[in-house]
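> What follows is a structure written as structure tokens; I'll ask about it next.
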Amino acid sequence: MASITIRDVKKSYAKSQVVHGVDLDIASGEFVVILGPSGCGKSTLLRMIAGLEDISGGTIAIDGIVVNKLEPRERGCAMVFQNYALYPHMSVAQNIGYSLKVAGVPAAERTQRIQAVARTLELEHLLDRKPMALSGGQRQRVAMGRAMIREPKVFLFDEPLSNLDAKLRVQMRSEIRKLHRRLNATSVFVTHDQVEAMTLADRLVVMNGGRVEQVGTPGEVYSRPASRFVATFVGAPAMNMLEGTVELDGLSLLGGSRRLAVQRAGLAVGTQVAVGIRPEAVRLVAPGTAGALDATVDLVEELGAGRVIYVDLDGASFSVMTSEAVHPEPGSTVGLRFSPDDLHFFSSDTGTRIEVFKASVPEPAL
Amino acid sequence: MEKRVTFSSWTIGILFAVPQLLLIFTFFYWPAGQAVYWSLTLQQPWGGGNIWVGLDNFRSILSNADYWNSITASLVFAGISTGLAMFIALVLAALTDRQLAGSRFYRVVLIWPYGIAAPALAMAFRFILAPEAGFMAVVNQVWPGFWDPGLDGADAMASIIIAFSWKYVGYNFIFFLAAFQAIPRSLIEAAAMDGSGVMRRFRDIQFPLITPTIFFLLVINITESFQDSFGIVDIMTSGGPANATNLMVYKIYSDGFKGLDYSGAAAQSIILMLLIIVLTIFQFRFIERRVHYR
């Protein structure tokens, strides 16, 4: 149980800077997920918390104590690695108990604690096996056990589920969640998988290019993305983005072929904006319906429970997710309808969210 | 899954193997067979056929104190030079593994000694370790009589051990470094997270994981120290002083080609071969058990 305070943390290697001044407060007992594409600096940030990477600038404090210069073992963190990093020459019991052995815990107590952890993780019958003889899910649990046994102040997870198959990933996800509910230890979880991030996080940190784009609950990040990057990165299929220009009485979209009647709210005429709409917020209606945009169907992806329909909107690609029993043929024309409340606006220059617009329904250009 | 090529007919398989079998037969089994034959006969120095003598050659060799002295010298040489070459290489590789900048450079530079022919490096070490000039002369100036491989058997043994170890440090280093590099970084990091310091990590994680390499190098180094030492001994000490460095492989040469005792030399080479076989079996039998293969 410990809070983590990250202040203006930077990381640079010889030629390039990979983390540009990150600020983050993680409360005691919180489950924080850092989400971002590969190379965004999320793993580097986690490794700096762990003490496996030097901190080039700024400070990281755990429970109010700055840990910049402390060795990993002095920070009270435990880490679960992406490839599990189990010691191949040790049995499961030895793997789990290694940290206790290093700490000089007597053998009897060690055995007892290994047993307790093994019981929690249902590994009791595997204690004598070598990691080679375990399945992916079992290895994952051993790695968890190795982290748990130390009763650390902070749990760090570095994409621990990415080597598992889809079914096991879902199962381990809920196990990690349950475990956190029981142990209630501060946890930082790094992933590039947004479903994992949404389902696990108390709070989500979205990173891109070494910077934090947004911090918030999964719901906030989904419903009010702070930037164009977050909007397109969180949610699958990705949010549709249409380029537009501010005009006197609204917005002109797609080089003027479509129009949105919205209030200008102080933005200068001619300002470039991006309009976002989630595929799941779009409804399919009959072509020619008043207030709907007509588009040509390109491709239909069947998902079982629903389908993703990719349409061509005056040359721009646009996706619609529907669970209704509609099966439009590629080449046919459909109408797209959405509520103005579901539109997101971002600055074309900086990509930041613009709150000022109140949209009305789109109309075809005159 | 491992794919194995299979041939439907025996003949194709045998045809593929023939060139290799021919080479092995011509350059290994045939000479070895000849040596066995000579060791059981008395070959006359000026020709004129062989006389069958059974095991007399072996009896006469094994009852000779000089020969036992040679075995002892060979074992001392093998033990110390293997230990030295492996220990130094292990330390260098462990240090290099931590700081990888320029490791390619080390790799190239450290493999060179292995590429130098034994007599050439022996010549160099003969000068380097000469008692009358260079560095050792300075030491002798301070402690007169401290170093003289020409008179002191122990000094002579030290000289050939140094020369041989120098050659094999490079060879061992390459293998050790490769073994260290093959250990996933995350294992070391996991151990660091588990609270293990540098030395502890080396003992608990890295060392057990490179045991297959250590075992391989042990077998190779011991075998080579019995065989590859010839050139070094020949150039540096010629087996002297007073037979102190007359290793088995050198004694075979000097008895056979200088003493013209072909049969005795053949018998000695059979004994050397048996000794290496026994040592290798011993290593596989008793040391390999402690190896963790991944």
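Laboratory data are not the source of any read-out in this text; all were calculated from the coordinates shown. All values derive from a computational prediction rather than experimental measurement. Here the Cβ positions follow ideal geometry from the backbone for every residue, glycine too, while neighbour counts run over all protein chains shown.
> Longer than 29 Å from Cα to Cα, which of A:Lys69/A:Lys178; A:Lys42/A:Lys69; A:Lys69/A:Lys101; B:Lys167/B:Lys251; A:Lys10/A:Lys153 are they? Say none if no pair is. Walk me through the numbers before you get to the answer.
On the way: A:Lys69/A:Lys178 33 Å; A:Lys42/A:Lys69 20 Å; A:Lys69/A:Lys101 25 Å; B:Lys167/B:Lys251 22 Å; A:Lys10/A:Lys153 24 Å.
Beyond 29 Å: A:Lys69/A:Lys178.
> Same structure again: Quick one: grab Rg to one decimal and Dmax as a whole number for the range A:11-94, Cα atoms only, in Å.
For the range A:11-94, the Cα radius of gyration and maximum Cα-Cα distance read 14.6, 43 Å.
> What is the pair-distance distribution P(r) of chain B, computed from all Cα-Cα distances in 10 Å bins starting at 0, with each bin given as a whole percent?
That works out to 6, 20, 25, 24, 16, 6, 1, 0, in percent per bin.
> Using Cβ contacts closer than 10 Å as the measure, can you line up B:Phe207, B:Phe105 from fewest to most?
Fewest-to-most ranking of B:Phe207, B:Phe105: B:Phe105, B:Phe207.
> Using only DSSP helix segments of four residues or longer, with each worth -39500 (n - 2.57), what per-residue ellipticity at 222 nm results for chain A after dividing by its residue count and rounding to 500?
-7000 deg cm²/dmol, from helical runs alone.
> Give the average, rounded to an integer, of partner chain Cβ atoms located within 10 angstrom of each Cβ in A:304-310.
Taking all residues of A:304-310 together, the mean is 0.
> Could I ask something else about it? Quick check: net charge around B:Ala244, other residues with Cβ under 13 Å of its Cβ, Lys/Arg +1 and Asp/Glu -1?
-3
> Here is a follow-up. Taking GluC sites (Glu not before Pro) that fall in a DSSP loop and have at most 15 other Cβ atoms within 10 Å as cut points, what is the longest piece of chain B between them? Don't jump to the answer; show the numbers that get you there.
Details: sites that count: B:Glu2, B:Glu132.
Of all site-free stretches, the longest is B:133-294.
> Note down the magnitude of the dipole of chain B about its Cα centre, charges +1 on Lys and Arg C-beta and -1 on Asp and Glu C-beta and zero elsewhere, to the nearest 20 debye.
It comes to approximately 1080 debye.
> Report the percentage of all Cα-Cα pairs in the protein assembly as shown whose separation exceeds 34 Å, rounded to a whole percent.
Working: 140807 of 217470 pairs.
The calculated P(r) of the protein assembly as shown puts 65 percent of pairs beyond 34 Å.
> Then there's this: Expressed as an acute angle from 0 to 90° and rounded to the nearest 10, what is the orientation of the C-alpha long axis of helix A:107-121 relative to the principal long axis of chain A?
On a 0 to 90 degree scale, this one is about 30.
> Looking at the calculated P(r) for the range A:4-226, what percent of the C-alpha pair distances fall above 33 Å?
Of all Cα-Cα pairs in the range A:4-226, 16 percent lie more than 33 Å apart.
> Then there is this: Step through the residues of the range A:76-93 one at a time and calculate ³J(HN,Hα) from phi using the Karplus curve (6.51 cos²θ - 1.76 cosθ + 1.60, θ = phi - 60°), rounding each to whole Hz and writing x for Gly and Pro.
Computed from phi, the couplings for the range A:76-93 are x, 9, 10, 10, 10, 8, 4, 9, 6, 6, 6, 6, x, 8, 10, 6, 4, 4 Hz.
> Using a 10 Å cut-off on Cβ to Cβ distances, tally the other chain neighbours for every residue of A:102-111 and report the average as a whole number.
1
> Could you compute the net charge surrounding B:Phe202? Neighbours are other residues with a C-beta less than 12 Å from the C-beta of B:Phe202; K and R count +1, D and E count -1. Mind showing how you got there, number by number?
Working: positive: B:Arg98, B:Arg200, B:Arg201, B:Arg203; negative: B:Asp97, B:Asp204.
Net local charge, B:Phe202 excluded: +2.
> Only Lys, Arg, Asp and Glu count, each charged at its Cβ (+1, +1, -1, -1), so figure out the dipole size of the range B:152-278 about its Cα centre, rounded to 20 debye.
Approximately 320 debye in magnitude.
> Separation between the B:Asn64 and B:Met199 pseudo-spin-labels, each 7 Å from Cα along Cα→Cβ, expressed in nm?
My value for the distance between the label points is 5.0 nm.
> Charges only on Cβ, +1 for Lys and Arg, -1 for Asp and Glu: so what's the dipole of the range A:185-344 about the Cα centre, in debye to the nearest 20?
Dipole magnitude for the range A:185-344 comes out near 440 debye.
> Kindly express, to the nearest 10 degrees and within the range 0 to 90, the angle between helix A:166-183's C-alpha long axis and the longest C-alpha principal axis of chain A.
In chain A, helix A:166-183 runs at an angle near 60 degrees to the longest axis.
> Taking neighbour counts of Cβ atoms within 10 Å as a proxy for exposure, in what order, fewest first, do A:Asp23, B:Asp234 appear?
Numbers: A:Asp23 12, B:Asp234 17.
So the residues, fewest neighbours to most, are A:Asp23, B:Asp234.
> Compute the length gained on full extension between B:Ile111 and B:Glu132: take 0.36 nm times their separation in residues and subtract their Cα-Cα distance, giving the result in nm to one decimal.
Net length gain for the segment: 4.5 nm.
> Another one. Among the GluC sites (Glu not before Pro) within the range A:97-165, which fall in a DSSP loop and have no more than 16 other Cβ atoms within 10 Å of their own Cβ?
Counting only loop positions with at most 16 other Cβ atoms within 10 Å, the GluC sites (Glu not before Pro) in the range A:97-165 are A:Glu122.
> What is the mean projected area of the alpha carbon convex hull for the range A:181-336, to one decimal in square nanometres?
For the range A:181-336, the mean projected area of the Cα convex hull comes to 12.1 nm².
> Something else now. Can you tell which of B:Ala130, B:Ala93, B:Met157 lies farthest toward the positive end of the dipole of chain B, using +1 and -1 charges on the Cβ of basic and acidic side chains (Lys, Arg; Asp, Glu)?
Sorting the options by dipole projection puts first B:Ala93.
> Next question, about the same structure. Have a look at the DSSP beta bridges in the range A:4-226 and tell me what percent are antiparallel, nearest 5.
50 percent
> Between A:Val154, A:Val269, A:Val18, find the one with the highest GNM mean-square fluctuation for chain A; connect C-alpha pairs within less than 10 Å.
So, out of A:Val154, A:Val269, A:Val18, the one fluctuating most is A:Val269.
> For peptide A:44-54, what's the mean number of Cβ atoms from other chains within 10 Å of each residue's Cβ? Write down the numbers at each step before the final one.
Values: counts 0, 0, 0, 1, 0, 0, 3, 3, 7, 1, 0.
For peptide A:44-54, the averaged partner shielding equals 1.
> Sort the following peptides by mean Cβ neighbour count (other Cβ atoms within 10 Å, averaged over residues), highest first: A:137-150, B:170-183.
On the way: A:137-150: 23.3, B:170-183: 19.6.
Final packing ranking: A:137-150, B:170-183.
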